[in-house]
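Contents: one structure, followed by commentary.
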Amino acid sequence: MNLSRNMIVALFFLICLVSISVVSAHDSDNPGVIIDNPSNNEEISGEVDINVTIDDHYETQYVNFTVEGIDHSYSWVSQDKNPSDGWNTKWDTSNCLNGKYYIQAKAMNSLGLTGEYNVFVTLSNKQKDVNLNVDNISAAVNQKVNVIAKLFDSNNKVISNKNIKFLIDGNEFSAITDSSGIASIDYTPKKVGKFNVTSTFAGDNIYKSVSVNSILISILNQIQLNSDPITAETNEKINLLAKLTSSVDNVSTSGKTVDFKVDGDFVGSAISDDAGIASLEYVVSKSGGNYIYSASLNETGLEDPLTTTNLLYVPQSELYMTLTSDKSGVKVGDEVTITYNVFNNGPDNAKNTIFRYTIPDSLKFISAKVTVGEYSYDSSKNEITWNLGSIPVGRYSLDLKMLSVMPARNNLTPSLTTDTYDESVANGVPIRYLTVEGDVIGNNTSGYAGEHYGGIGGGHIYYSNLGANQSGNPISLLLALFFIMGVGFKIKR
């Protein structure tokens, strides 16, 4: 019996489809991990974004990242627990030798099962130009001043965790740039004069060295101008303050005009009151981080005004949430407890953090328990509100116990808000559903007969559905079979 040419082609087509179906399936309970960036054998440089995609039937708990040197000794590790911005980390190669490296991403899910993916890369750093800004300062003798430097690259991207050295009148100081690229020291001039301030970044494998000169003018003046560091939330209305003090009784500090700048931008002027305080109302429009603000007095009669600088710090948090259920296969009449875990990765407290969830009619509130703050339940709106207050870095939980009263696909997604600047909270709440089964055999009135599992299922934000992962192309397989049956076969006599 010889197969016809058409039949051979059809069989080949069928084998290809089966192979594709098998390859594309992720039937394991282990998380499926892929490193999207960098790609295997890629040449990399600078700060390297390591981005990972995970296909997981269960909730991914974290991803561990490991980088090892191949042609020299080097090891670096990092962990990502926050899925709100995807699974990723940044590898700073500024202190790494050029050469070959091995990158591994290893994920663990709620079953304790792991999956990993590995790539090889070649590091080829070439030094980039950088900028270092330091403002001139004028102050009275024996007045403490802040000398502040800001380090950023040619694209105005701030550069953190770099050592800046300051040389003032033969005295050397150093400070590390923060997440805003700012390094700051305190200095008190002890004599009258004009002093050169040399600020230097020595460079590394990524960035070139840079050195700039600014001026510190110390004058013998009867009026001193001072300011204090400020911490304020984004969009908060505050007062920028500068205080004038006099060393002699007959010199007034009232009625003086003080100019204010924030991050180099002029924001307004204020007149000092009888106590010598100049106060300017200002609405904080900055995102999280440190910003330089300055106050200048132009009424000294000298060529250079008195100028004081200080820091305006805007706190920021990183909130995200996970959801778990205490049971699967939930049916009408079952009690189920949903645990909402709220995480703050910081670096600062999340102020006035509020959780709200409207319980659908197909579920009935029984009770709740929280690990921090307090909750209230409004039966008229079927809404639970959890006031977490100001929460530091950590994990906080709400156990919400409910009764399933009818078959439904229940949206479990709450809202989460904070007064603190937070880039992640808008995407930090996963869309999740609880499917409740009912008796739908022969009486399909609920419209949920197609859902044969009761448990939490995912939306399209973080995780795959927790039910079975369907893969392959059954329609194409059926077409191939029909094609084979249609062409038949030829019997050789």
Next item on the list: Return the residue satisfying two criteria in turn: it lies in the range 53-77 and is at pLDDT 95 or above and under 21 Å from the mean Cα position of the chain (by Cα), and of such residues it is nearest to Val33 (Cα to Cα).
Entry: Val63
Next item on the list: Could you run through the range 28-53 and say how many residues are of a type in the set (Ser, Thr, Tyr) and either farther than 16 Å from Thr122 by Cβ or not assigned by TED's automatic domain parsing to the domain that holds Thr89 (or both)?
Entry: 2
Next item on the list: Taking Ile219 as the residue in question, decide whether it is closer than 30 Å to Glu423 by Cα and out of contact with any Pro (no Cβ under 6 Å at 6 or more places or on another chain).
Entry: no
Check: Within the range 265-301, how many residues are assigned to a loop (DSSP other than H, G, I, E, B), over 36 Å from the mean Cα position of the chain (by Cα) and buried (at least 19 other Cβ atoms within 10 Å of the Cβ)?
Finding: 2
Check: Is it fair to say Thr66 is out of contact with any Pro (no Cβ under 6 Å at 6 or more places or on another chain), in a strand (DSSP E or B), of a type in the set (Val, Ile, Thr) and in contact (Cβ under 8 Å) with a residue 40 or more places away in the chain?
Finding: yes
Checklist line | Single residue of Asn40, Asn30 found to be closer than 13 Å to Met108 by Cα, at pLDDT 90 or above and in a loop (DSSP other than H, G, I, E, B) | finding: Asn30
Notebook entry, point to check: Tell me, which residue of the range 95-115 that is in contact (Cβ under 8 Å) with a residue 60 or more places away in the chain and surrounded by fewer than 17 Cβ atoms within 10 Å (Cβ to Cβ) is nearest to the chain's Cα centre (by Cα)?
Noted result: Ser110
Note to self: I need the strands (runs of 3 or more DSSP E) fully contained in the range 73-167, keeping only those with at least 1 residues that are over 30 Å from Ile215 (Cβ atoms).
What the structure shows: 75-80, 87-92, 99-109, 114-123
Checklist line | Among (1) assigned by TED's automatic domain parsing to the domain that holds Lys369; (2) at pLDDT 95 or above, the one test that Tyr282 misses | finding: (1)
Margin query: at pLDDT below 90 and within 30 Å of Val425 (Cα to Cα): which single residue out of Gly193, Gly264 fits that description?
Written below: Gly264
Next item on the list: Test each condition in (1) in contact with a Leu (Cβ under 7 Å, 6 or more places away or on another chain); (2) closer than 18 Å to Lys162 by Cα; (3) of a type in the set (Val, Ile, Thr) for Ile137 and report the one that comes out false.
Entry: (2)
Check: Filter the range 311-346 for residues that are closer than 16 Å to Ser404 by Cα and buried (at least 18 other Cβ atoms within 10 Å of the Cβ); which is nearest to the chain's Cα centre (by Cα)?
Finding: Ile338
Check: Out of (1) free of Cβ contacts under 8 Å to residues at least 60 places away in the same chain; (2) over 17 Å from Asp348 (Cα atoms); (3) buried (at least 18 other Cβ atoms within 10 Å of the Cβ), the odd one out for Asn387 is which?
Finding: (3)
Margin query: Tell me whether the range 241-248 contains one or more residues that are closer than 21 Å to Gln316 by Cβ and not polar (S, T, N, Q).
Written below: no
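So which residues in the range 163-181 are within 24 Å of Gln316 (Cα to Cα) and modelled with pLDDT of 95 or more?
Asn163, Ala175, Ile176, Thr177
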Check: Can you tell me which of Ile70, Ile50, Ile35 is among the aliphatic types (A, V, I, L, M), closer than 30 Å to Asn163 by Cβ and touching a Ser or Thr at 6+ places or on another chain (Cβ under 9 Å)?
Finding: Ile50
Notebook entry, point to check: Just a yes or no: is a residue in the range 135-152 of a type in the set (Phe, Trp, Tyr) and under 30 Å from Lys100 (Cα atoms)?
Noted result: yes
Next item on the list: Quickly run through the range 28-79 and pick out the residues that are more than 17 Å from Leu113 (Cβ to Cβ) and among the acidic types (Asp, Glu).
Entry: Asp36, Glu42, Glu43, Glu47, Asp49, Glu68, Asp71
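The values are calculated or read from the model by the stated rules, or taken from the named source; none is laboratory data. No experiment lies behind these values; they were computed from the predicted model shown. Note that we place each Cβ from the backbone using ideal geometry, even for glycine, and neighbour counts take in every protein chain shown.
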